[in-house]
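Data block below; observations after.
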Amino acid sequence: VGFFTTGVNYDILSYLPDDLESVRGEAVLDEVFGTAGISIVITEDLQPKQTAELKKEILKIDHVASVIWVDTVADIGIPAEILPDILRDVFYNGDGTKTMMLVRYEQSEGDDGAELRAIAEIKELLDSKTFLSGISVLVDDTRFLADNEAPLYIAVAVLLALAAMTVMMDSWLRPLVILGTLGLAVIYNMGTNFFMGEISFITQCVAAVLQMGVTMDYSIFLIDRYAEERPHFDSREEAMAEAVTKSF
(Lines give C-alpha, C1' and ligand atoms only; values in the text may rest on other atoms or scores of the structure.)
Protein backbone atom coordinates (compact mmCIF):
# COMPACT_ATOMS: atom_id res chain seq x y z
CA VAL A 1 0.00 0.00 0.00
CA GLY A 2 2.80 2.39 0.89
CA PHE A 3 4.62 1.59 -2.36
CA PHE A 4 1.62 2.40 -4.54
CA THR A 5 0.57 5.51 -2.61
CA THR A 6 3.99 7.16 -2.74
CA GLY A 7 4.25 9.80 -5.46
CA VAL A 8 7.28 10.15 -7.72
CA ASN A 9 8.83 13.57 -8.32
CA TYR A 10 10.40 13.87 -11.78
CA ASP A 11 11.35 17.55 -11.43
CA ILE A 12 15.02 17.61 -10.45
CA LEU A 13 14.85 21.41 -10.12
CA SER A 14 12.55 21.10 -7.12
CA TYR A 15 15.56 19.90 -5.09
CA LEU A 16 17.43 23.16 -5.58
CA PRO A 17 17.72 25.49 -2.54
CA ASP A 18 14.87 28.02 -2.30
CA ASP A 19 17.27 30.97 -1.97
CA LEU A 20 18.80 30.56 -5.45
CA GLU A 21 17.95 33.44 -7.78
CA SER A 22 16.73 31.08 -10.50
CA VAL A 23 14.34 29.33 -8.08
CA ARG A 24 13.08 32.64 -6.70
CA GLY A 25 12.58 33.95 -10.22
CA GLU A 26 10.64 30.83 -11.16
CA ALA A 27 8.39 31.38 -8.13
CA VAL A 28 7.70 34.98 -9.18
CA LEU A 29 6.83 33.88 -12.71
CA ASP A 30 4.43 31.31 -11.32
CA GLU A 31 2.78 33.28 -8.52
CA VAL A 32 2.66 36.78 -10.06
CA PHE A 33 2.47 36.20 -13.79
CA GLY A 34 1.29 32.58 -13.98
CA THR A 35 3.86 31.88 -16.67
CA ALA A 36 6.28 29.47 -15.00
CA GLY A 37 4.89 26.64 -17.14
CA ILE A 38 6.12 27.51 -20.61
CA SER A 39 7.28 25.31 -23.47
CA ILE A 40 8.98 26.30 -26.70
CA VAL A 41 7.93 24.84 -30.05
CA ILE A 42 10.62 25.17 -32.73
CA THR A 43 9.77 24.70 -36.41
CA GLU A 44 12.27 24.20 -39.21
CA ASP A 45 11.71 24.95 -42.91
CA LEU A 46 7.96 25.42 -42.50
CA GLN A 47 5.93 28.01 -44.35
CA PRO A 48 4.34 30.71 -42.16
CA LYS A 49 0.85 29.35 -42.94
CA GLN A 50 1.91 25.88 -41.79
CA THR A 51 3.31 27.29 -38.56
CA ALA A 52 0.15 29.33 -38.00
CA GLU A 53 -1.97 26.21 -38.52
CA LEU A 54 0.15 24.32 -35.98
CA LYS A 55 -0.39 27.16 -33.52
CA LYS A 56 -4.17 26.85 -33.93
CA GLU A 57 -4.03 23.11 -33.28
CA ILE A 58 -1.97 23.62 -30.13
CA LEU A 59 -4.44 26.22 -28.85
CA LYS A 60 -7.23 23.62 -29.05
CA ILE A 61 -5.48 21.40 -26.48
CA ASP A 62 -6.86 21.43 -22.94
CA HIS A 63 -4.84 23.38 -20.35
CA VAL A 64 -3.01 25.42 -23.02
CA ALA A 65 -3.62 29.05 -22.03
CA SER A 66 -1.96 30.81 -24.96
CA VAL A 67 0.50 30.41 -27.80
CA ILE A 68 2.67 33.40 -28.68
CA TRP A 69 4.19 33.64 -32.13
CA VAL A 70 4.97 36.38 -34.59
CA ASP A 71 1.34 36.44 -35.83
CA THR A 72 0.33 37.52 -32.33
CA VAL A 73 1.73 41.00 -33.06
CA ALA A 74 2.17 41.10 -36.85
CA ASP A 75 0.64 39.73 -40.04
CA ILE A 76 2.26 36.51 -41.26
CA GLY A 77 2.21 37.90 -44.79
CA ILE A 78 5.02 40.27 -43.85
CA PRO A 79 8.39 38.74 -44.82
CA ALA A 80 10.64 37.98 -41.87
CA GLU A 81 13.38 40.16 -43.39
CA ILE A 82 11.40 43.38 -42.94
CA LEU A 83 9.98 42.69 -39.49
CA PRO A 84 11.25 44.90 -36.66
CA ASP A 85 14.52 43.62 -35.25
CA ILE A 86 12.98 42.97 -31.83
CA LEU A 87 10.45 40.54 -33.35
CA ARG A 88 12.87 38.90 -35.75
CA ASP A 89 15.45 38.32 -33.02
CA VAL A 90 12.88 36.71 -30.71
CA PHE A 91 11.00 34.48 -33.13
CA TYR A 92 13.47 33.69 -35.94
CA ASN A 93 17.04 32.50 -36.25
CA GLY A 94 19.59 34.33 -38.38
CA ASP A 95 18.56 33.05 -41.82
CA GLY A 96 14.87 32.73 -41.00
CA THR A 97 14.74 28.96 -41.57
CA LYS A 98 13.78 28.28 -37.96
CA THR A 99 11.14 29.95 -35.86
CA MET A 100 9.80 29.39 -32.38
CA MET A 101 6.54 29.91 -30.53
CA LEU A 102 5.93 30.08 -26.78
CA VAL A 103 3.26 27.85 -25.28
CA ARG A 104 1.86 28.86 -21.87
CA TYR A 105 -0.16 26.45 -19.78
CA GLU A 106 -3.09 27.09 -17.47
CA GLN A 107 -2.59 26.67 -13.75
CA SER A 108 -4.68 23.68 -12.65
CA GLU A 109 -5.03 23.51 -8.88
CA GLY A 110 -5.15 19.95 -7.59
CA ASP A 111 -4.18 18.49 -10.98
CA ASP A 112 -0.40 18.25 -11.17
CA GLY A 113 -0.52 16.11 -14.32
CA ALA A 114 -2.53 18.54 -16.46
CA GLU A 115 0.54 20.22 -17.94
CA LEU A 116 2.22 16.92 -18.73
CA ARG A 117 -0.92 15.67 -20.46
CA ALA A 118 -0.98 18.81 -22.56
CA ILE A 119 2.66 18.30 -23.49
CA ALA A 120 1.91 14.72 -24.54
CA GLU A 121 -0.85 15.96 -26.85
CA ILE A 122 1.43 18.64 -28.33
CA LYS A 123 4.02 15.97 -29.10
CA GLU A 124 1.42 14.07 -31.12
CA LEU A 125 1.04 17.12 -33.39
CA LEU A 126 4.76 17.43 -34.11
CA ASP A 127 6.70 15.86 -36.96
CA SER A 128 10.33 15.64 -38.02
CA LYS A 129 10.46 19.39 -38.69
CA THR A 130 9.13 20.48 -35.32
CA PHE A 131 10.67 20.20 -31.86
CA LEU A 132 9.52 20.83 -28.30
CA SER A 133 11.68 22.16 -25.49
CA GLY A 134 11.42 23.68 -22.02
CA ILE A 135 11.72 22.58 -18.39
CA SER A 136 8.35 20.84 -18.34
CA VAL A 137 9.23 18.95 -21.52
CA LEU A 138 12.50 17.77 -19.98
CA VAL A 139 10.57 16.60 -16.92
CA ASP A 140 8.17 14.68 -19.17
CA ASP A 141 11.04 13.08 -21.10
CA THR A 142 12.75 12.16 -17.82
CA ARG A 143 9.53 10.54 -16.59
CA PHE A 144 9.23 8.56 -19.83
CA LEU A 145 12.80 7.28 -19.64
CA ALA A 146 12.54 6.41 -15.96
CA ASP A 147 9.22 4.58 -16.32
CA ASN A 148 10.28 2.63 -19.41
CA GLU A 149 13.96 1.89 -18.82
CA ALA A 150 14.19 1.33 -15.05
CA PRO A 151 12.04 -1.85 -15.15
CA LEU A 152 14.27 -3.14 -17.95
CA TYR A 153 17.42 -2.60 -15.88
CA ILE A 154 15.86 -4.36 -12.91
CA ALA A 155 14.76 -7.30 -15.06
CA VAL A 156 18.25 -7.66 -16.56
CA ALA A 157 19.86 -7.51 -13.11
CA VAL A 158 17.49 -10.16 -11.74
CA LEU A 159 18.02 -12.50 -14.70
CA LEU A 160 21.81 -12.20 -14.57
CA ALA A 161 21.87 -12.72 -10.80
CA LEU A 162 19.55 -15.72 -11.14
CA ALA A 163 21.73 -17.25 -13.84
CA ALA A 164 24.94 -16.75 -11.85
CA MET A 165 23.52 -18.19 -8.63
CA THR A 166 21.89 -21.13 -10.41
CA VAL A 167 25.27 -22.12 -11.85
CA MET A 168 27.28 -21.56 -8.65
CA MET A 169 24.91 -22.92 -6.00
CA ASP A 170 24.14 -26.56 -5.33
CA SER A 171 20.38 -25.97 -5.44
CA TRP A 172 18.29 -24.28 -8.13
CA LEU A 173 15.67 -23.38 -5.52
CA ARG A 174 17.96 -21.24 -3.36
CA PRO A 175 18.40 -18.45 -5.96
CA LEU A 176 14.62 -18.15 -6.23
CA VAL A 177 14.31 -17.92 -2.44
CA ILE A 178 17.05 -15.28 -2.24
CA LEU A 179 15.58 -13.13 -5.02
CA GLY A 180 12.07 -13.56 -3.61
CA THR A 181 13.07 -12.33 -0.17
CA LEU A 182 15.06 -9.47 -1.71
CA GLY A 183 12.01 -8.51 -3.74
CA LEU A 184 9.93 -8.31 -0.57
CA ALA A 185 12.66 -6.25 1.08
CA VAL A 186 12.64 -3.80 -1.84
CA ILE A 187 8.85 -3.41 -1.55
CA TYR A 188 9.17 -2.78 2.19
CA ASN A 189 11.94 -0.28 1.58
CA MET A 190 10.05 1.63 -1.11
CA GLY A 191 6.79 1.41 0.84
CA THR A 192 8.26 3.16 3.87
CA ASN A 193 8.57 6.34 1.78
CA PHE A 194 4.83 7.02 1.97
CA PHE A 195 5.26 9.35 4.96
CA MET A 196 7.41 11.61 2.76
CA GLY A 197 4.59 12.06 0.24
CA GLU A 198 6.86 11.61 -2.76
CA ILE A 199 10.35 10.48 -3.70
CA SER A 200 12.76 11.42 -6.46
CA PHE A 201 12.62 9.45 -9.69
CA ILE A 202 16.34 8.78 -9.16
CA THR A 203 15.51 6.97 -5.92
CA GLN A 204 12.81 4.97 -7.67
CA CYS A 205 15.16 3.98 -10.50
CA VAL A 206 18.21 2.92 -8.50
CA ALA A 207 16.81 1.69 -5.18
CA ALA A 208 15.84 -1.81 -6.29
CA VAL A 209 19.06 -2.57 -8.20
CA LEU A 210 21.23 -0.95 -5.51
CA GLN A 211 19.50 -2.84 -2.72
CA MET A 212 19.84 -6.11 -4.59
CA GLY A 213 23.50 -5.45 -5.34
CA VAL A 214 24.57 -4.63 -1.79
CA THR A 215 22.49 -7.26 0.04
CA MET A 216 22.59 -10.34 -2.18
CA ASP A 217 26.10 -11.30 -1.08
CA TYR A 218 25.01 -11.17 2.58
CA SER A 219 22.16 -13.55 1.75
CA ILE A 220 24.67 -15.96 0.25
CA PHE A 221 26.96 -15.60 3.28
CA LEU A 222 24.02 -16.41 5.55
CA ILE A 223 23.09 -19.53 3.58
CA ASP A 224 26.67 -20.81 3.67
CA ARG A 225 26.96 -20.10 7.39
CA TYR A 226 23.65 -21.89 8.04
CA ALA A 227 24.92 -24.95 6.17
CA GLU A 228 27.99 -24.96 8.41
CA GLU A 229 26.00 -24.55 11.63
CA ARG A 230 23.14 -26.97 10.89
CA PRO A 231 25.01 -30.20 11.93
CA HIS A 232 25.77 -28.68 15.33
CA PHE A 233 22.17 -28.01 16.37
CA ASP A 234 19.06 -30.11 16.78
CA SER A 235 16.67 -27.59 15.23
CA ARG A 236 16.83 -25.43 12.14
CA GLU A 237 15.77 -22.39 14.14
CA GLU A 238 18.74 -22.64 16.48
CA ALA A 239 21.11 -23.20 13.58
CA MET A 240 19.74 -20.14 11.78
CA ALA A 241 19.97 -18.02 14.92
CA GLU A 242 23.66 -18.92 15.25
CA ALA A 243 24.19 -18.34 11.52
CA VAL A 244 22.62 -14.88 11.71
CA THR A 245 24.77 -13.97 14.71
CA LYS A 246 28.04 -15.12 13.15
CA SER A 247 27.20 -13.66 9.72
CA PHE A 248 26.51 -10.34 11.38
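Find the all-direction average of the projected area of the Cα convex hull for segment 1-97, expressing the result in square nanometres with one decimal place.
Computing the convex hull of the Cα atoms and averaging its projections yields 9.9 nm².
Relative contact order for segment 7-135: what is it in percent, counting Cα pairs under 8 Å that are at least 6 residues apart?
Relative CO of segment 7-135 lands at 37 percent.
Taking segment 30-133, which GluC sites (Glu not before Pro) meet the DSSP loop condition and have no more than 12 other C-beta atoms within 10 Å? Kindly include the intermediate steps, with their values, before the conclusion.
Values: sites: 31, 44, 53, 57, 81, 106, 109, 115, 121, 124; in loops: 106, 109.
Counting only loop positions with at most 12 other Cβ atoms within 10 Å, the GluC sites (Glu not before Pro) in segment 30-133 are 109.
Between 72, 99, 142, which gets the highest mean-square fluctuation from a Gaussian network model of the chain, Cα cutoff 10 Å?
Highest fluctuation among the options: 72.
For residue 162 and residue 206, what does the FRET efficiency come to when R0 = 22 Å and r is the distance between their Cβ atoms, rounded to the nearest 0.05?
0.65
Amide H neighbours of residue 64 under 5 Å, at least 5 residues apart or on other chains, H built in the peptide plane: list them.
For residue 64, the qualifying residues are 106.
How large a share of the accessible area of the chain, in percent, is made up of carbon and sulfur atoms when the probe is 1.4 Å and the other protein chains stay in place?
On the way: 9820 of 15940 Å².
Answer for the chain is 62 percent, counting heavy atoms of protein chains only.
Could you pull out every one of the lysines with an alpha carbon less than 28 Å from that of residue 55, ignoring same-chain neighbours closer than 8 positions?
Excluding near neighbours in sequence, the set is 98, 123, 129.
Tell me the relative contact order for segment 117-248 as a rounded percent, counting alpha carbon contacts under 8 Å between residues six or more apart.
On the way: 53 pairs, mean separation 24.0, N = 132.
This gives 18 percent for segment 117-248.
Applying the Karplus parametrisation 6.51 cos²θ - 1.76 cosθ + 1.60 with θ = phi - 60° to the phi angles of segment 230-243, what ³J(HN,Hα) value in whole Hz is obtained for each residue in order, glycine and proline being reported as x?
Rounded to whole hertz, the list is 4, x, 8, 9, 6, 10, 5, 4, 5, 5, 5, 4, 5, 5.
Hand me the trypsin sites (Lys or Arg not before Pro) from segment 24-74 located in a DSSP loop with no more than 10 other Cβ atoms within 10 Å, in residue order please. Provide the component values of the computation, followed by the final result.
Numbers: sites: 24, 49, 55, 56, 60; in loops: 60.
Qualifying residues, ordered by number: 60.
Given the rule -39500 (n - 2.57) for each run of at least 4 DSSP H residues, summed and divided by the residues of the chain, what is its mean residue ellipticity at 222 nm, to the nearest 500 deg cm²/dmol?
Calculated from helices alone, the mean residue ellipticity at 222 nm is -18000 deg cm²/dmol.
In whole Å, how far is the Cα centre of segment 168-201 from that of segment 232-248?
Each part reduced to its Cα centre gives a spacing of 23 Å.
Give me the percent relative contact order of the chain, please, defined on Cα pairs under 8 angstrom at least 6 residues apart. Mind showing how you got there, number by number?
Details: 242 pairs, mean separation 67.1, N = 248.
The normalised contact order for the chain reaches 27 percent.
Distance between the C-alpha centers of segment 1-35 and segment 62-136? Whole Å please.
So the two Cα centres are separated by 23 Å.
What per residue convex hull volume, in Å³, comes out for the chain when only alpha-carbon positions are used?
188
How much net charge surrounds residue 78 when only other residues with a Cβ under 11 Å from its Cβ are counted (Lys, Arg +1; Asp, Glu -1)?
On the way: positive: 88; negative: 71, 75, 81.
With Lys, Arg at +1 and Asp, Glu at -1, the neighbours total -2.
The values are calculated or read from the model by the stated rules, or taken from the named source; none is laboratory data. For clarity, every value in this text was computed on a predicted model and none was experimentally measured. Every residue, glycine among them, receives a Cβ derived from its backbone with ideal geometry; neighbour counts consider all protein chains shown. Surface accessibility is based on the protein's heavy atoms, side chains included, excluding ligands, DNA and RNA. Shrake-Rupley method; radii C 1.70, N 1.55, O 1.52, S 1.80 Å.
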